[in-house]
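Participant: I'd like to ask some things about the structure below.
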Amino acid sequence: MKRLGITGGIASGKSAVARMLRELGFRVMDADALGHEVMEPGKRAFREIVTEFGAGVVGADGRIDRRELGALVFRDREKLERLNTIVHPRVEEEMVRLFLEWEKSGVRDAAFVEAALLVEAGYQQNLDGLVVAWCRPEQQMERLMARGLSEVEARRRIAAQMPAEEKLKFATEKMDCSGSLEETRRQVEKLAGRLRREGSSEANR
């Protein structure tokens, strides 16, 4: 089973690519969701985050207030790096566990992990390939502002991530998400077909 990553800058189209792969029957885990899980109350990362950033990041429901935490760390690169040092190793442990579980369940062609910070966290070192979604910078801005972010917030979120041209250097597969969803879907279907064929030929050896 090939273990592949899906990444790209914020609002670049990576989640659309991941959704299309799920629709085509591939297993795709969401590293952001895993990140939320490892920050749940009672988990080690929860305690470390509260110790590091203070009780102010805990909401009324007793969970980490991700909006509050995000506002804090995206203003300060050093704080963002400290948060990543706490969260990323736990997420990687969960990724490895899920990949093994899927392989044992009989997945033979490929499975994916979707992560915005996949390259920044170094996760790609333990993967067999990397799909990088990209679009034009002005499209990222438009999409983020359409989600309700101010122009300043949008620029801050983009600046906090590795530039698209740097991520593309790590790509084994590039997805141009600057066009229509149908254009993106055609690229995803082409990749899916190739992975199915490769999986079949490996199984027949």
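Participant: Might you check whether a residue that is in contact with a Leu (Cβ under 9 Å, 6 or more places away or on another chain), surrounded by 13 or more Cβ atoms within 10 Å (Cβ to Cβ), more than 22 Å from Ala171 (Cβ to Cβ) and modelled with pLDDT of 90 or more occurs anywhere in the range 93-110?
Facilitator: yes
Participant: Might you let me know whether the range 63-73 holds any residue that is among the hydrophobic types (A, V, I, L, M, F, W, C), at pLDDT below 90, surrounded by fewer than 17 Cβ atoms within 10 Å (Cβ to Cβ) and more than 17 Å from the chain's Cα centre (by Cα)?
Facilitator: yes
Participant: When you go through (1) over 17 Å from Arg22 (Cα atoms); (2) in contact with a helix residue (DSSP H, G or I) (Cβ under 6 Å, 6 or more places away or on another chain); (3) among the small types (Gly, Ala, Ser) one by one for Ala133, which number turns out not to apply?
Facilitator: Only one criterion in (1) over 17 Å from Arg22 (Cα atoms); (2) in contact with a helix residue (DSSP H, G or I) (Cβ under 6 Å, 6 or more places away or on another chain); (3) among the small types (Gly, Ala, Ser) is unmet by Ala133, namely (1).
Participant: Another question, then. Got at least one residue in the range 45-62 being under 27 Å from Leu168 (Cα atoms) and either in contact with a Pro (Cβ under 9 Å, 6 or more places away or on another chain) or surrounded by 16 or more Cβ atoms within 10 Å (Cβ to Cβ) (or both)?
Facilitator: Going residue by residue through the range 45-62, those that are under 27 Å from Leu168 (Cα atoms) are none.
Scanning the range 45-62, I find no residue that is under 27 Å from Leu168 (Cα atoms) and either in contact with a Pro (Cβ under 9 Å, 6 or more places away or on another chain) or surrounded by 16 or more Cβ atoms within 10 Å (Cβ to Cβ) (or both), so the answer is no.
Participant: Considering the range 123-175 alone, what residues qualify as being touching a strand residue (DSSP E or B) at 6+ places or on another chain (Cβ under 8 Å) and among the hydroxyl-bearing types (Ser, Thr, Tyr)?
Facilitator: Here is the first cut: in the range 123-175, the ones touching a strand residue (DSSP E or B) at 6+ places or on another chain (Cβ under 8 Å) are 123-124, 126-135, 164, 167-168, 170-175.
Hits for the range 123-175 are Tyr123, Thr172.
Participant: I would also like to ask the following. For the range 125-139, name all the residues that are over 17 Å from Glu114 (Cβ atoms) and in contact (Cβ under 8 Å) with a residue 12 or more places away in the chain.
Facilitator: Result: Arg136, Pro137, Gln139.
Participant: Which of the residues that make up the range 47-78 are in contact with a Leu (Cβ under 6 Å, 6 or more places away or on another chain) and within 13 Å of Arg156 (Cβ to Cβ)?
Facilitator: Val73
Participant: Based on this model, can you work out whether Glu142 counts as within 30 Å of Arg75 (Cβ to Cβ) and acidic (Asp, Glu)? Give the derivation first.
Facilitator: Values: within 30 Å of Arg75 (Cβ to Cβ): yes; acidic (Asp, Glu): yes.
Considered against the rule, which asks whether it is within 30 Å of Arg75 (Cβ to Cβ) and acidic (Asp, Glu), Glu142 comes out as yes.
Participant: Could you please find all residues in the range 16-33 being among the acidic types (Asp, Glu) and assigned to a helix (DSSP H, G or I)? Show your work before the answer.
Facilitator: The first filter runs over the range 16-33 and keeps only residues among the acidic types (Asp, Glu), leaving 23, 30, 32.
Passing the criteria: Glu23, Asp32.
Participant: Inside the range 34-115, counting only helices (runs of 4 or more DSSP H) that do not spill past its ends, which hold 2 or more residues that are of a type in the set (A, V, I, L, M) and in contact (Cβ under 8 Å) with a residue 40 or more places away in the chain?
Facilitator: Details: elements: 44-53, 66-73, 77-104.
Result: 77-104.
The values are calculated or read from the model by the stated rules, or taken from the named source; none is laboratory data. Predicted, not measured: the structure shown is a model, and the values here were computed from it. Note that each Cβ is placed from the backbone with ideal geometry, even for glycine, and that neighbours are counted across all protein chains shown.
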